[in-house]
Amino acid sequence: MLADPIGIDPTLAHLGLIVATNHGVEPQYAQVVFGKFWKNELDLECEDEIVSVLRRVGVRNTDFLKEMQPQLSEIRERLLSQEVFSVPTFLVKDERFIGRQHIPMIRKLLEI
Amino acid sequence: MNALETNARLILYLDIKSPYAYLAKDPAKQLESEFGIEVEWRPLTLNIPSFLGSARVDEKKQVVEQNRTPQQWQSVHYAYYDVKRYARLRDILIYGPRKIWDTSLAHIGWLYAKARGREFMMRYLDHVYEQFWKREIDVENIEEIETALSLSGCKIGEFRDFADNEGKSQLGALQQDTSAAGIFGVPTFVIDKEIFFGREHLPMIRWILAGKEGTAPDISY
């Protein structure tokens, strides 16, 4: 079913992240989604599978998944206006960092 | 020559016109002294327009010609914003270039200095990198490259012939070999035939040089 991840539409998974955030379980959600996706155990384009992950991390009401679309669009527009165009991007104290290689500098900024 | 093979412990590919390569130069030199190893320094002339488009700005920083997409401009702006903040930590001056330079002549100069000895080559690289990023050298001008070689201690009597013949041939061969080996950017480190693109791999390279003891580190600047 899943082979090359290029070309997969992650919109449903991102809507799920918004729902998870609203329930305060976004780290747990992201952990499960990333872990399963990169082992080819999750179809990001399948609503039932995304809903299953949300339930696994404790979100009971998943009816509003697709209603998060306007919020997702608004987030995307805001990030583009902040010149966020790649991932991972960290936004720390008005600075942008693309890539996890910046974590040592980010740690220093957070210490100040 | 095989792009992944060397008699040295480590190969480093750099391009004078890459600010990221500039920031990798001195940490790579430190590897030599810290681990008592030899690094083989090789030029790789990037074709920047092929992936980032091209542009030229005047002295007032106005764009006078360009063929970049908005996404390419975004990538270029971010790259210089990012490289300058790390350069500031080391008091390295980086002025954004006003055009895409052809660094092939500067790289032929590098090969010329390298053939005369490591000391000459390192002095040449230190000089040309610093001058280029302060906009104080025209790397497409053969007289300025000859001056750089001379300041590095090289006799320049044979340089023009080298540039027209052997040097051009060597550089061309390097370009072909690196491309065939899957080396596409700078700085690229090659150790034990493994390719690492970017100075963020220096912690891993140190770990390898130190004998792979303990947990392997993640990438970091």
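At-a-glance table
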item	result
Enumeration of residues in the range A:55-79 that are outside any helix (DSSP H, G or I), over 22 Å from A:LYS36 (Cα atoms) and in contact (Cβ under 8 Å) with a residue 24 or more places away in the chain	A:PHE64
Test: residue in the range A:47-54 that is within 13 Å of chain B (Cβ to nearest Cβ), surrounded by 11 or more Cβ atoms within 10 Å (Cβ to Cβ) and part of a helix (DSSP H, G or I)	no
Helices (runs of 4 or more DSSP H) wholly inside the range B:120-193 that include at least 1 residues being under 30 Å from B:ILE205 (Cβ atoms)	B:142-151, B:166-180
Candidate set: the range B:79-100, residues that are open to solvent by 80 Å² or more (accessible area, probe 1.4 Å) and without any contact (Cβ under 8 Å) to a residue 12 or more places away in the chain; chosen: the one nearest to the other protein chains (Cβ to nearest Cβ)	B:LEU89
Test set (1) within 25 Å of A:PHE90 (Cβ to Cβ); (2) away from chain A (no Cβ under 14 Å); (3) modelled with pLDDT under 95 - B:GLN72 fails condition number	(2)
For A:LYS93: the one exception among (1) in contact (Cβ under 8 Å) with a residue 12 or more places away in the chain; (2) over 16 Å from the mean Cα position of the chain (by Cα); (3) surrounded by 13 or more Cβ atoms within 10 Å (Cβ to Cβ)	(3)
In the range A:23-46, the residues that are assigned to a helix (DSSP H, G or I), open to solvent by 50 Å² or more (accessible area, probe 1.4 Å) and in contact (Cβ under 8 Å) with a residue 12 or more places away in the chain	A:GLN28, A:LYS36
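The values are calculated or read from the model by the stated rules, or taken from the named source; none is laboratory data. None of these values were measured; they are calculated from a predicted model. Glycine gets a Cβ as well: all are built from the backbone with ideal geometry, and neighbour counts include every protein chain shown. Just the protein is used for accessible areas: all its heavy atoms, side chains included, with ligands, DNA and RNA removed. Shrake-Rupley method; radii C 1.70, N 1.55, O 1.52, S 1.80 Å.
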